[in-house]
1. In nm, to one decimal, how far is the modelled label at residue 78 from the one at residue 58, with both set 7 Å along Cα→Cβ?
2. Most fluctuating residue of 122, 46, 74 in a GNM of the chain with Cα springs under 10 Å: which is it?
3. Taking the chain as a Gaussian network, Cα atoms linked when under 10 Å apart, which of 121, 17, 102 shows the biggest mean-square fluctuation?
4. Rounded to the nearest 5, what % of DSSP beta bridges with both residues in the stretch 8-137 are antiparallel?
5. Sorting check: for 22-29, 109-116, which peptide has the highest mean count of neighbouring beta carbons within 10 Å, and how do the rest follow?
6. Once you wrap a convex hull around the alpha carbon atoms of the stretch 6-45, what is its projected area averaged over all directions, in nm²?
7. Return 12, 72 ranked ascending by Cβ neighbour count within 10 Å, so the fewest neighbours appear first.
8. What's the center-to-center distance, using Cα atoms, between the stretch 14-46 and the stretch 100-142 in Å?
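Coordinate-derived values only; no laboratory data. Here the structure is a predicted model, which means the values were calculated and not measured. Counting neighbours? That spans all protein chains shown, and the Cβs are built from the backbone with ideal geometry, glycine included.
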């Protein structure tokens, strides 16, 4: 179960050209070790799910269709990664590093752990799913 606090949390890119307010984002984040996320984030993607997101500075927001079902968003000015958007679910997964205050965020799960490089590991007791387990969970046969 996600840890949400029914509040609005603020975030922004490095240069401040794109900002956002996320409602009910909570403080639980998920780490993805899939090859695409690692390439995009230069490491695992740390993201929180948000119920709703309002962006300002949208003229500086670039969306990249990384697959048929998802987009990744970043600032056109400074290149900061901001979100992964899952089109079928109309769901934003916001990058933890973009939040103004992420000091109390904690890891809730890791996915695609069979793609995780051997050079790091995250402590704590939380679900760790392989690629096959993730695909089974979401009903994909790809």
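1. Distance between the two pseudo-spin positions: 2.2 nm.
2. 122
3. 121
4. Numbers: 32 of 39 bridges.
Counting only bridges with both partners in the stretch 8-137, antiparallel ones make up about 80 percent.
5. Numbers: 22-29: 20.5, 109-116: 19.0.
The packing order, highest mean first, is 22-29, 109-116.
6. Working: hull surface 14.2 nm².
For the Cα atoms of the stretch 6-45, the hull's average projected area reads 3.5 nm².
7. On the way: 12 18, 72 22.
If I rank by nearby Cβ atoms, fewest first, I get 12, 72.
8. 13 Å
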